[in-house]
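Okay, so here's the structure we're looking at.
Quick note: the coordinates plus some simple rules give every number you see, no bench work behind them. Please read all numbers here as calculations on a predicted model, not as lab measurements. Please note: Cβ atoms are built from the backbone with ideal geometry, for glycine as well, and neighbour counts cover all protein chains shown.
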Amino acid sequence: MSTPSDVTKLLQDALDTQPTIVGQPNDDDLLSLKEKLLDVLQTVTYDRADGVHHVVGVLQAEAAYMADHSGDAFPIPQRLGLWDDKIDKNATVVELKKAEAMHKARADDYGIWKAAEDGCKKLIRAAVEEVYINELKDGTTFFHKVNARDLLEHLEKNSTGLHALDIVALRTNMLLLYKNAASMPDFILTMEEAQKKAKRAELPILDIELAMYAATSVLQSGDYKKETDEWEGRHASIKTWTEWKQAYLAAYARGVNRQRAGATDEPFTRAANNIMPAAPPDVMDALAGSLDNLALAATSDKTALQQLTTANLALTTTVSTLTIANKKLTETIARFNLPPNLRGGHAGRGGANKPKAVWGNYCWTHGYKTSHSSATCAAAYRLPGHDASATVADTKGGKEYNKDWYLQGNKDT
């Protein structure tokens, strides 16, 4: 069981290892800061009385928190006295014990919340230069009435963020990730981190794009020839990112086992060397600085600029191919978003017979405002990669159509 002292110590330990962010925090700075704090808060036991809420609500954006907690917002606990004066003086022994236990649990929650709030706020203030949060500082109460979530949201609103050019550069460099990765698991992780970065910029990279980038990268490398031949022979409907990861992680594991057994055949030796260099560079840092490097080349080295431009032109051809595929996917998705009477309907129902959307339903392909679930979605209307186990509590990375309708608590369509 967590105590306020435990929370204070955990956050102080995090503070002791937190470097100061020099200059205005950017998207990566704030993401790293938030991840560090949430990693601590996730370990804290909270809301023992009802078992509904979690202290991550101190930091998590309200919409995201509600989505994770059945539409309930995080309640700020009240400070309670030592005794519960609301207990009926005629209560039985059992009722009295239960009421006292509930009172103590809620009092403990307040202590934990206060320790988490104060510790997170202290770490955020220590991590950034005060000039970037000074706007929230009151002339008499200073930061006393400002909570940790306020600080983070203010920093996110005013951060340098992610520019569209950054995401263009990110996409352009996707084909370089495999060459620079330390291993196949590292390559997959880096690809998914790049996808998350693009999503934060509201310029998402679709899963099917990841699969195409990855397949192209490995094909160009000459590694995993058997698996690549098998992949190229697959039907398009099963060329998903999930399928690609499973196939190549399995191939990687077999290769590692062969290496342990002393196999020295040329194909595996070459592949192993390519995916396990002795000192891999920090790929994400290289991506973040790609535009700066291009600007520097423009002013200091025309030859380098020409080389970079030539490389970008070659990659642009690949991007164009992906764009065409992306357009087809977008048209497919748009068709699924049309009312049933315009696209044939889910299971052929439309107009007056259109089934009423059920609040709380979720479909991986069709999103939140549906009359069916991921499991009951008709096969003819599922998008490639459809996950039948996806629910509103765990969407498995599915579509977010009509999410606002769900978060607003609408019960009627």
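Points worth noting:
- Per DSSP, loop trypsin sites (Lys or Arg not before Pro) in the stretch 81-151 with at most 15 further Cβ within 10 Å: 86, 89, 137, 145
- The stretch 355-413: relative contact order in percent, alpha carbon pairs under 8 Å with at least 6 residues between: 40 percent
- Scalar couplings 3J(HN,Hα) for the stretch 35-40, obtained by applying the Karplus form with A = 6.51, B = -1.76, C = 1.60 to θ = phi - 60°, are 4, 4, 5, 5, 4, 6 Hz; x denotes Gly and Pro.
- A cut-off under 12 angstrom between Cβ atoms defines the neighbours of residue 112, and their net charge, with Lys, Arg +1 and Asp, Glu -1, is -3.
- When the square roots of the Cα gyration tensor eigenvalues are ordered a ≥ b ≥ c, the ratio a/c for the stretch 1-72 is 1.5 or more and a/b does not exceed b/c, which makes its shape oblate.
- Mean separation of Cα contacts under 8 Å (6+ apart) over length of the stretch 10-112, as relative contact order %: 25 percent
- Sites matching GluC sites (Glu not before Pro) across the stretch 202-240 that sit in DSSP coil, with at most 16 neighbouring C-beta atoms within 10 Å: 202
- The stretch 70-195: relative contact order in percent, alpha carbon pairs under 8 Å with at least 6 residues between: 17 percent
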